[in-house]
Amino acid sequence: MSDSHSPKPEASSDEEPGLRYVPVSRYGRRALMLRAAAAGAGITVGLVAGARPADAADGQAVLLGQNGSNANTATSTTQINTTSGDGLQANTTGDSGSHGVMASATNGTGVYGASNDGTGVQGQTEGNGQSGVAGIDTSPSGGHGTYGRSTKGVGAYGETLGTGGYGVHGNDASQDGAAGVIGDSVKGIGVIGVSINGNGVFGISENGVGVFAFGPSGVLALGSGTGCGLKATDTGADTKELSTPVFAQVANVKNGSPAVNAWTGGTGSAVVATIDNTKSTSPAVLATTNGTGPAVLASHPDGTALQVEGIASFSRSGRATVAGSPSAPRQSLVVTRVALSSSSMILATPQGHVTGVAVEGVVPDVTANTFTIYLTKPVTVSLAIAWFVLG
């Protein structure tokens, strides 16, 4: 049988009798060593075509098709240098579970990419719904599927050029309430989202929280154009749904930072919260504090700090009735169970007209959380008095 790569030469006069020529490039070093040893013992060795070559080790070429116990092994680094093109290129045309390059390490890094001026690692896919780079963590202690780190630049950067894609998309498919995307920072910002015309940060949740922020400033939102610093919308159609578009919490009540800090330098609103569901009973914004500071602080140096469009409801307001009659005229009434402090201001005004009757004064009892409304003279009819407490 002829060898198309190394034609068999004629046997030389100094070749040992009983031995036939075997190409070095085809059978490897170990085969030649075996042949030499056999020649010394007077044994004729026949190496047939198709015999498996020896595994590559230090100083030898890398052999294709080797894996498992027959894998190519070495005790030091194998380095490839090239002056143009790609240093190493691997392609696979096998099944969908195959990898162009698959690398693993016991304690080190499976794949490490570094570049002085270009991209350290680049992943690209042209498939439908596939991933250019996929990071998967299966460790029981909770590692990182994908980890990005930077000294002064960006640890992980996501960009999309399409009309419906995402620069960064985090998805939680677990059942234990994990996070699709979590941003953690010691002194800086956990997550920062910037957009020229779209949304800096956009979060969607069917049953949980679209965006969850926890820290000295739960959410810091800045807007410099005509848009909003923070916009939250609930479009749930379920009548039983009680979701809250914006939920921010500061766990340390001694901390002076707000749960939500929104600022705008443009003509838009700092905070816009909307519930697009007429059957929903949830508030668009719920602010609660157990500290001494205000739950909501609205500040404007030159204009309106707080503007309400629609009905405003206050828990420390209401209507009380001076129940006078011809047989039992009344000139005062006591309103109970209203939280008061020494700085409380109580406003009261009649909700009807009785000639010569007006509110003469209001006397609070801070200890008892009550106040008494006095009229200028007794009334012989029922007269409603509207009251409102500030401070």
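The values are calculated or read from the model by the stated rules, or taken from the named source; none is laboratory data. Just so it is clear, the model here is predicted, and its values are computed rather than measured. Here the Cβ positions follow ideal geometry from the backbone for every residue, glycine too, while neighbour counts run over all protein chains shown.
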**Message:** Can you go through 153, 142, 148 and tell me which one is of a type outside the set (Phe, Trp, Tyr), part of a loop (DSSP other than H, G, I, E, B), touching a Phe, Trp or Tyr at 6+ places or on another chain (Cβ under 8 Å) and under 23 Å from residue 185 (Cβ atoms)?
**Reply:** 148
**Request:** From 365, 276, grab the single residue that is modelled with pLDDT under 95 and among the acidic types (Asp, Glu).
**Result:** 276
**Request:** Enumerate the strands (runs of 3 or more DSSP E) found wholly within the stretch 263-374, keeping only those where 1 or more residues are over 32 Å from the mean Cα position of the chain (by Cα).
**Result:** 317-323, 330-335, 345-350, 359-365
**Item:** Filtered residues of the stretch 60-72 (kept if more than 41 Å from the chain's Cα centre (by Cα) and over 19 Å from residue 111 (Cβ atoms))
**Value:** 60, 61, 63, 64, 65, 66, 69, 70
**Request:** Please go through the stretch 341-391 and pick out each residue that is surrounded by 17 or more Cβ atoms within 10 Å (Cβ to Cβ), closer than 21 Å to residue 324 by Cα and not β-branched (Val, Ile, Thr).
**Result:** 348, 350, 371, 375, 383, 387
**Prompt:** Across the stretch 270-292, what is the number of residues that are hydroxyl-bearing (Ser, Thr, Tyr) and in contact with a strand residue (DSSP E or B) (Cβ under 6 Å, 6 or more places away or on another chain)?
**Reply:** 1
**Request:** Report whether or not residue 151 is modelled with pLDDT of 75 or more, closer than 20 Å to residue 131 by Cβ, over 13 Å from the mean Cα position of the chain (by Cα) and of a type in the set (Val, Ile, Thr).
**Result:** no
**Flag if residue 281 is outside the structural domain of residue 385 (by TED's automatic domain parsing), among the hydroxyl-bearing types (Ser, Thr, Tyr) and within 21 Å of residue 389 (Cα to Cα)** = no
**Considering residues of the stretch 375-391 that are part of a strand (DSSP E or B) and among the aliphatic types (A, V, I, L, M) only, the residue farthest from residue 329 (Cα to Cα)** = 390
